[in-house]
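The values are calculated or read from the model by the stated rules, or taken from the named source; none is laboratory data. Computed from a predicted structure; not experimentally measured. FYI the Cβ positions are ideal-geometry reconstructions off the backbone, even for glycines, and counts take in every protein chain you see.
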Amino acid sequence: MKTLATPKINADSNHKMNLNVGGMTCAACVLHVENALSNISGVVSTNVNLATERATIEYLADSVTIDTIRSALDDAGYTFNGISDEDRERERLLRAKTVETHRNRFLIAGFIAIIIFLGTMKTWFPWMPSFLQNWYTLWALATPVQFWIAGQFYRRAWSAAKRRTSNMNTLIALGTSAAYLFSAVITLFPNLFDVEGVATTVYFDTATIIITLVLLGQFLEARAKDQTSEAITNLKNLQPKTALVVSNGSQRIVPIQQLCVDDLILLKPGERVPADGQVMKGFSEIDEATLTGESMPTEKTIGALVYAGTINKSGNLEFRVNKIGKDTALANMIEMVEEAQGSKAPIQAMVDVIASYFVPIVIAIAIATFFTWFLIGPEPTLTFAVLNAVSVLVIACPCALGLATPTAIIVGTGKGSQNGILVRNAESLELAHKIDTVVLDKTGTITTGTPSVTDIVTTETAENEIIRLAASAESGSEHPIGIAIIKCAEERRIEIGEPQGFRALPGQGVQANVGRFSVTMGNRKLMKELDYPLKQLDKVAVDMATDGKTPIFIAIDEQVRGVFAVADVLRPESSASVAEMKSMGLDLVMLTGDNSRTAKVIANQAGISTVLSEMMPEEKVAAIRNLQQRGKIVAMVGDGINDAPALVQSDLGIAIGSGTDIAIEAANITLVQPDLRGIAKSIKLSEATIKTIKQNLFWAFFYNTGLIPIAAGILYIFFSNGDVPSSLQYFLGNYGFLNPVLAAGAMAMSSVTVITNSLRLRRFNMS
C-alpha cells in the first residue's frame with residue numbers, strides 16, 4: 001500500500017486549517033473533539049462536522065503544530081488523518097480505507113454472529129454440530145467479537161470516561177458488555193439464576209448481533225458520507241491534469257501545477273480549460289454548466305474570459321492565463337462549498353446541547369430500568385433486568401442525532417453548487433427560507449449593467465448604413481455609449497470602417513470622417529450648438545428620454561439623419577423572476593443611485609412597485625435598516641462596490657457572480673450566473689434543506705427517545721400475564737420486553753434513515 005507522508009502546517013494559510021478526524025460516531029463525539037482542539041494553546045475557534053469527519057480550526061500563527069493536534073486527538077480517543085485538501089489522493093485513500101475497514105469488521109462480526117445464533121437456537125436448528133451448541137464454544141466465538149472487533153467502542157468509551165464524559169461508544173460498550181458478562185457468568189455457573197424451574201440461557205448471540213448491526217450502520221454511514229461529498233468530488237475532478245502551452249512558436253504539454261500567469265494556452269475542441277484566462281485568438285463555444293448551471297454554451301471571442309473546469313465545445317482558442325491554482329473561479333467555488341458543508345446551522349446548536357445531556361440521561365434511565373425489573377419484574381428477574389437495561393442503552397445511541405443536520409447541509413450546499421448557487425455557510429442556507437423582503441439593486445442586477453442600443457430611428461438613410469457610419473465614428477471612443485453602438489454593429493455583422501480625424505467632445509459626443517462622409521455623434525445640446533436642425537427627430541428623442549433612455553443623434557455632412565436610443569436594459573429573466581418572487585409572497589423593493597425617472601421606468605418594466613432612487617451607499621444601508629426595524633427579514637441583492645455595505649447590513653446578502661469581488665466577499669450567497677431566478681431557487685433550496693433537517697431530527701428523536709419506553713419495558717403493563725401473541729414473541733418475548741437485537745437494529749436503521757433522507761435532496765427540482 002502507498003505510504004503517505006504526514007503533511008505540515010502552512011503558517012501562512014490565513015491562520016485557518018481543515019483537519020480530517022477519524023473515530024467520530026455521534027453528536028457527543030463532535031463536542032469531545034471540539035473541546036480537545038479548543039484546549040490546544042493558540043487555537044482561537046473550532047468547528048467540527050460529523051458528516052464530513054472534518055474539523056476547522058482558527059489558530060495563532062506558529063503557535064500550533066501537527067504534533068500538538070495529533071496528541072490532543074489521541075488523548076481524546078480520536079485519530080488525526082491529516083490536513084484536508086493538502087493531498088487529495090491521501091483523502092481519497094483514507095475514505096476508501098475507512099469504508100473497507102468498516103466493511104471487513106462487519107463481515108467478520110456478522111459471520112461469527114450467525115454461527116453463534118445458530119448454535120444458541122438449538123431447538124430451531126437441531127442439525128447444528130453439538131460442539132457449536134456448547135456454551136463454552138459460543139463464549140470462545142463471542143470473545144474476539146466483543147474485545148477485538150468491537151475494541152474501538154471500549155477505547156473511545158474509556159477516553160470519554162477519563163474526561164468524565166460519555167458518548168455513543170459508552171452506551172454500546174456498557175450494553176454489549178452487560179449481555180456478554182451475564183452470559184459468561186451463566187456459562188460458568190449454569191444453575192446460578194434458575195428460579196422455580198425456569199432455566200436461564202446465554203445471550204452471546206445478543207451481544208454479537210448488536211455489535212454486528214452497529215458495525216453495519218457504521219459501514220453504511222461511511223458509504224453514505226462518501227456519497228454526500230459527491231458534489232465536492234465532482235468539482236475537483238473538473239480540473240484537467242495538463243495544459244498545452246504555446247511558447248516561441250512551439251507547443252509543449254505541462255502539468256497544471258507548473259502553469260504560470262501570462263502563459264499562452266492552446267485549447268482544442270473537447271478539452272477542459274486548465275486555468276482562468278482571457279481569449280487572445282480564435283472563436284468557440286464554451287460549456288460553462290459546471291460553474292453556472294446553464295446548459296447553453298457561451299460564445300467566446302477575443303477578449304472574452306474563460307474559466308478553469310469548463311469545456312471547449314467547437315473551435316480552437318488561444319488564451320492568456322490570468323489566474324491559476326487556488327485563485328481560479330473553480331477553486332473559489334470548491335472552497336466556498338467546502339466551508340459551507342463544514343459549517344454548522346444554528347439549529348445544530350440545539351442538537352449539540354441535547355447531545356451533551358442525552359447520554360448521561362440514558363445511562364440513568366438504563367440503571368433505573370435495571371433496578372426496577374430486578375426488584376419487581378417477573379422471574380428470572382436478573383435476566384430481564386439486564387436485558388431491558390441493555391435494550392435501553394443500545395436503542396438510545398445518538399448516531400442519527402449527530403448526522404441529522406450536517407448530512408442535509410452537505411447535500412443541500414452540493415445541490416446548490418451544481419446549479420450555480422454558492423452558499424457561504426450553513427447559517428445562510430438555514431436563514432434563506434425565512435426571508436420575506438427582497439431588496440434589489442438596479443444597475444447590473446435587474447439590468448445588464450452595460451448600455452445597449454434599444455431603438456434606431458432614421459430619416460432618409462438606410463438603417464444599416466446609419467449603424468455603419470455611427471459605429472465607425474465611435475470606434476475611436478472608449479465611452480460606454482460608443483461601445484454600445486459598436487456592439488450593435490458587431491451583432492448585425494456590419495463591417496466598421498477606420499475613422500479619420502477623430503475628435504472627442506467631452507460631455508457632448510464625437511466627430512470623425514468615415515470615408516467621404518463627415519459624421520457627428522452627440523446629444524441634443526451638441527446638435528443645437530452646431531445649429532443642425534432636428535426636425536421630427538426631436539420629438540422622437542423626447543419620447544426616448546421619457547422612457548428612461550438616452551437619445552444620441554447622428555449627423556452626416558451636417559444633416560441629422562437619425563437618432564439612437566441607448567439604455568441599460570432589463571436582464572431577459574428579470575420580469576419573470578420578479579413575478580415568481582411575488583407569487584412566493586415576497587415583498588420587493590428596488591434601490592438605486594440612478595435618477596428617479598429612469599428608476600421608475602425600469603421598475604415598471606420589471607414589475608416592482610416600490611422604488612427608492614438617487615440613493616448613496618449609506619442611504620441604501622439606512623433603507624435596509626429601516627425595513628429590519630419594521631420586523632422585516634431582508635435579503636439584499638447587488639453586484640457593485642457601492643452595494644457592499646447594504647449586503648452586509650441585510651440579513652442575507654446575495655451577490656451576482658458577474659459583480660465585483662468586494663460585493664461577492666460581502667455576500668452570504670453568490671449566484672454564479674447573473675440570473676435573478678437564482679434568488680427564488682436559493683429560497684426553495686433552503687426550504688427543502690430545512691424540511692429535510694426537521695424530518696431527520698424527527699426520525700432521530702423518534703428512534704432515540706420514542707422507543708426508549710418500549711426498551712425499558714413499558715409494554716409489560718399489557719402483557720404481565722405472559723400472553724404476548726406468538727407472532728410477536730420474537731420481538732417482545734412473553735412479557736412485552738423488547739429484544740435487544742431489535743433495539744440494535746432500530747439504532748442502526750436510524751442513522752441509515754437520516755442519511756438516506758438527506759440524499760433525497762440530490763433529486764430536488766430547483767426550477
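Quick rundown of the values:
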{"item": "So Val33, is it surrounded by 23 or more Cβ atoms within 10 Å (Cβ to Cβ), at pLDDT 70 or above and either closer than 22 Å to Thr170 by Cα or touching a helix residue (DSSP H, G or I) at 6+ places or on another chain (Cβ under 6 Å) (or both)", "result": "yes"}
{"item": "Answer residue from the stretch 585-605, given it is part of a loop (DSSP other than H, G, I, E, B) and at pLDDT 90 or above and is nearest to Thr550 (Cα to Cα) among those", "result": "Leu586"}
{"item": "Wholly enclosed strands (runs of 3 or more DSSP E) of the stretch 517-584 bearing at least 3 residues in contact with an Asp or Glu (Cβ under 8 Å, 6 or more places away or on another chain)", "result": "517-522, 559-567"}
{"item": "Of all residues making up the stretch 265-290, the number that are surrounded by 16 or more Cβ atoms within 10 Å (Cβ to Cβ), assigned to a strand (DSSP E or B) and touching a residue at least 40 places away in the same chain (Cβ under 8 Å)", "result": "7"}
{"item": "Selected residue [at pLDDT below 65, surrounded by fewer than 18 Cβ atoms within 10 Å (Cβ to Cβ) and either within 14 Å of the chain's Cα centre (by Cα) or part of a helix (DSSP H, G or I) (or both)] from Ala349, Ala340", "result": "Ala349"}
{"item": "Lone unmet requirement of (1) surrounded by fewer than 20 Cβ atoms within 10 Å (Cβ to Cβ); (2) at pLDDT 90 or above for Ile608", "result": "(1)"}
{"item": "Qualifying residue in the stretch 530-542 (condition: in contact with a Lys or Arg (Cβ under 8 Å, 6 or more places away or on another chain), within 23 Å of Thr454 (Cβ to Cβ) and either outside the structural domain of Ser472 (by TED's automatic domain parsing) or not aliphatic (A, V, I, L, M) (or both))", "result": "yes"}
{"item": "Which listed residue is surrounded by 19 or more Cβ atoms within 10 Å (Cβ to Cβ), of a type in the set (Ser, Thr, Tyr) and touching an Asp or Glu at 6+ places or on another chain (Cβ under 7 Å), from Ser751, Ser758", "result": "Ser751"}
{"item": "Number of the condition not met by Thr443 [criteria: (1) hydroxyl-bearing (Ser, Thr, Tyr); (2) buried (at least 24 other Cβ atoms within 10 Å of the Cβ); (3) under 30 Å from Leu537 (Cβ atoms)]", "result": "(2)"}
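Yes or no, residue by residue, for (1) part of a helix (DSSP H, G or I); (2) in the same structural domain as Pro480 (by TED's automatic domain parsing):
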residue	(1), (2)
Pro406	yes, no
Lys415	yes, no
Leu429	yes, no
Ile435	no, no
Thr443	yes, no
Ile466	yes, yes
